[in-house]
Amino acid sequence: MNAKVFGKKAIGAISSIINLIVLTSVVSLIAIAGYALWDSSQLYEAADKSHYEIYRPTAESENRSFKELQALNEDVFGWLTVYGTNIDYPLVQGEDNMTYVNTSAEGKYSLSGAIFLDSANSLDFSDFNHIIYGHHMAKKTMFGEIGDFADKEKFDTHKYGYLFFGEKDHGLEFFAFVHADAYDFTIFNANVDDEFRGEYLENLLSKAIHTRDIGISTSDRIVLLSTCSSDSTNGRDILVARLTDTAFDEPTAPSLPEYHNIDGYVKAFPLLLIAVIILTTLLIIRTLKFLYSSVKSVKNRHINKADKRQ
């Protein structure tokens, strides 16, 4: 084989190998991206309120499903709903405030955590101030919608919520939206002593972005719904309500907006991956055939030369 022919075959072989390496890398990246999409989809599916709908306490079911959830996790004691939003979840309380940061209301490990009452508060909501925490998540899951109350229209049009505990329905009447620092212990101090109620309430209202005059006083019981803020590193968005013994009827409102998600892409990913794998396999076969042909050709050339010499 002359040098020119051999050079062409060598270049072709190298080109095929490079193509194979590139395509294999692309397949690997697609696989990693696909797994990330699937993992993200699983996370938000587990955090979505629809995951817990079967457990919601209702008069019709006599709380049967809710009791089933309590059987799964004895820390479940209530239910929280903010009317007109996607906030509609079971309520738990752990031994400390880290227990449910990465644990679901079903008692399973979950990055989305659960909606939980401060460990310093009483389960019967007999304290003056109560703090309920939840992760700020995308797609309006968990407490991802609390920050939207910074918008005046949102705050003005969403006035009520629902709180179930002690086998009874209760109401939430929202009167303030506050943005605070996570280390502001003048706010994040659950169950303040009676003599500090006035000071606590005054300080809370002084830091409010929006307020509504409902005649709040130190004789009331208040509930703070707190989550991380997207506006600052240590910021917290807090929706504040007065707790009432009588539940408010859920206002008639348009259907909640549907948020675009990646579920469709996640479902289509397996088909895309199969197609890429088939193409990769064909390219591998083609490359191997080419390499085999090149090696065989070189071998035959050497054999022919050896025969001629003899």
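The values are calculated or read from the model by the stated rules, or taken from the named source; none is laboratory data. Keep in mind the model is a prediction, meaning the values are calculated, not measured. Please note: Cβ atoms are built from the backbone with ideal geometry, for glycine as well, and neighbour counts cover all protein chains shown.
Data table
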read-out	value
Some residue of segment 214-234 being over 18 Å from Glu145 (Cα atoms), in contact (Cβ under 8 Å) with a residue 60 or more places away in the chain, of a type outside the set (Phe, Trp, Tyr) and surrounded by fewer than 17 Cβ atoms within 10 Å (Cβ to Cβ)	yes
From Asp88, Asp96, residue being of a type in the set (D, E, K, R) and closer than 16 Å to Leu239 by Cα	Asp88
Test: Asn203 is surrounded by fewer than 12 Cβ atoms within 10 Å (Cβ to Cβ) and modelled with pLDDT of 80 or more	no
Among (1) out of contact with any strand residue (DSSP E or B) (no Cβ under 6 Å at 6 or more places or on another chain); (2) surrounded by fewer than 17 Cβ atoms within 10 Å (Cβ to Cβ); (3) farther than 30 Å from Ser65 by Cα - the single one Phe188 does not satisfy	(2)
Residue in segment 143-166 that is among the polar types (S, T, N, Q), buried (at least 22 other Cβ atoms within 10 Å of the Cβ) and at pLDDT 95 or above present	no
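Results for (1) of a type in the set (S, T, N, Q); (2) in contact with a His (Cβ under 6 Å, 6 or more places away or on another chain); (3) in a strand (DSSP E or B), shown as yes or no for each residue.
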{"site": "Gly147", "(1), (2), (3)": "no, no, no"}
{"site": "Asp156", "(1), (2), (3)": "no, no, no"}
{"site": "Phe164", "(1), (2), (3)": "no, no, yes"}
{"site": "Gly171", "(1), (2), (3)": "no, no, yes"}
{"site": "Thr186", "(1), (2), (3)": "yes, no, no"}
{"site": "Ala190", "(1), (2), (3)": "no, no, no"}
{"site": "Tyr200", "(1), (2), (3)": "no, no, no"}
{"site": "Leu205", "(1), (2), (3)": "no, no, no"}
{"site": "Ile214", "(1), (2), (3)": "no, no, no"}
